[in-house]
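Here the structure is laid out as structure tokens; the discussion comes afterwards.
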Amino acid sequence: MRLTVIGCSGSMSGPGSPASCYLVQADGTDEHGEPRTYSVLLDLGPGAMGALLNHVDPAALDLLSVSHLHADHVADLVGMQVYRRWHPGGPLPALSVVGPEGTLERLRGIDGSEASECYEREFRITAHDTNVPVHVGPLTLQAFRVNHPVPAFGVRLTGPSSRAGGPERVSLAYTGDTDWCDGLVPLAQDVDLLLSEAAFQEGRDTVRGVHLTGRRAGQLAAAGEVRRLVLTHLQPWTDPDVVRQEAHDVYRGPVDLAEPGAVWTL
């Protein structure tokens with residue numbers, strides 16, 4: 001299983017990165033036993049559609065998982081819809097999209113389309129169900145409710161290891177946007193990599209119920225006994241070294257900063 005950062009800027013696109021978008025891939029076989037790569041996209045924020053083209057053909061995507069419906073995580077669904085409807089080779093098959101209730105209505109609002117537009121030629125939209133895992137080839141996704149001003153979900157993914165001699169299955173957790181809540185530790189428990197937002201900074205951002213700080217992300221990594229922490233969703237005005245040090249203060253494992261194009265192989 002591989003994680004590639006497409007965009008990691010928090011709350012908006014930044015001077016060096018699109019907004020939130022992460023590509024998770026795993027090698028497996030199709031229904032005929034032929035080898036193929038399965039690709040899942042986590043969020044698709046402003047600027048991410050163009051950057052995605054540098055890493056994978058959108059026609060090869062198997063699933064798009066939307067953590068919540070704030071624009072910095074969903075705005076480029078409009079670009080994906082245009083790509084699939086107007087592709088010069090002909091319309092592409094509908095892409096499976098799983099997101100919060102209201103994803104279709106949110107897409108209509110961004111796009112400015114009429115209420116009759118269901119995008120059924122481009123997307124198959126379903127709602128997150130925390131009780132029902134989603135299977136995509138060798139990948140399994142499990143949604144967890146998290147703490148944000150709008151309905152929001154973290155996602156835990158398990159899939160095959162890409163490293164010889166390692167465990168057969170590995171795991172990755174993505175918090176989406178959240179503050180601390182009961183669902184976070186089960187989401188992160190024992191994962192090989194925790195991709196955690198850390199939009200807020202200790203002592204600067206005091207409002208609660210919106211975002212994690214670097215320290216709270218580090219506390220989550222420690223409580224979940226995760227093997228690696230990757231901090232993401234840092235806003236353009238935030239010093240990444242400050243947030244990373246906050247995490248280091250409470251978590252003894254490796255702490256990385258997400259950057260566009262960065263890849264972690266599990």
- line: Picked from segment 144-155 (must be in contact with an Asp or Glu (Cβ under 7 Å, 6 or more places away or on another chain) and farther than 11 Å from residue 100 by Cα), the residue surrounded by the most Cβ atoms within 10 Å (Cβ to Cβ) is 148
- request: Could you list, in sequence order, all residues of segment 235-255 that are buried (at least 16 other Cβ atoms within 10 Å of the Cβ) and among the charged types (D, E, K, R)?
  value: 244, 246
- line: When segment 114-128 is checked residue by residue, the ones that are basic (Lys, Arg) and either buried (at least 21 other Cβ atoms within 10 Å of the Cβ) or outside any loop (DSSP other than H, G, I, E, B) (or both) are 124
query: Looking at segment 11-24, which of the residues that are in a strand (DSSP E or B) and surrounded by fewer than 24 Cβ atoms within 10 Å (Cβ to Cβ) is modelled with the highest pLDDT?
result: 23
- prompt: Under the condition of being touching a residue at least 60 places away in the same chain (Cβ under 8 Å) and either of a type in the set (A, V, I, L, M) or assigned to a loop (DSSP other than H, G, I, E, B) (or both), which residue from segment 31-53 is surrounded by the fewest Cβ atoms within 10 Å (Cβ to Cβ)?
  reply: 51
- prompt: So which residues in segment 84-118 are out of contact with any Phe, Trp or Tyr (no Cβ under 7 Å at 6 or more places or on another chain), of a type in the set (A, V, I, L, M) and closer than 19 Å to residue 39 by Cα, if there are any at all?
  reply: 92, 98
- prompt: Given 227, 216, 169, which one is touching a Phe, Trp or Tyr at 6+ places or on another chain (Cβ under 6 Å), surrounded by fewer than 24 Cβ atoms within 10 Å (Cβ to Cβ) and charged (D, E, K, R)?
  reply: 216
query: Could you say which residue among 158, 175, 232 is farther than 24 Å from residue 136 by Cα, of a type in the set (Ser, Thr, Tyr), at pLDDT 95 or above and crowded, with 18+ Cβ neighbours inside 10 Å?
result: 232
- prompt: Which residue pairs have Cβ atoms under 7 Å apart, sit 6 or more places apart or on different chains, and have a first residue in segment 247-266 that is more than 24 Å from residue 25 (Cα to Cα) and in contact (Cβ under 8 Å) with a residue 40 or more places away in the chain and a second that is charged (D, E, K, R) and not in a strand (DSSP E or B)?
  reply: 247/215
- line: Subset of segment 74-97, residues farther than 15 Å from residue 111 by Cα and either under 17 Å from the mean Cα position of the chain (by Cα) or in a helix (DSSP H, G or I) (or both), comes to 95, 96, 97
message: Suppose we filter 63, 141 for residues that are crowded, with 16+ Cβ neighbours inside 10 Å and out of contact with any Phe, Trp or Tyr (no Cβ under 9 Å at 6 or more places or on another chain); which single one remains?
response: 141
- prompt: Is it the case that segment 188-211 has a residue that's hydroxyl-bearing (Ser, Thr, Tyr), more than 19 Å from the chain's Cα centre (by Cα) and more than 23 Å from residue 37 (Cβ to Cβ)?
  reply: yes
- prompt: strands (runs of 3 or more DSSP E) wholly in segment 129-200 with at least 2 residues that are in contact (Cβ under 8 Å) with a residue 60 or more places away in the chain and farther than 19 Å from residue 226 by Cβ - which ones?
  reply: 134-136
message: Going through 134, 74 one at a time, which residue ends up being surrounded by 18 or more Cβ atoms within 10 Å (Cβ to Cβ) and within 23 Å of residue 31 (Cβ to Cβ)?
response: 134
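The values are calculated or read from the model by the stated rules, or taken from the named source; none is laboratory data. Note that the structure is predicted; figures quoted are calculated from it, not measured. Quick reminder, even Gly has a Cβ in these numbers, built from the backbone with ideal geometry, and neighbours come from all protein chains shown.
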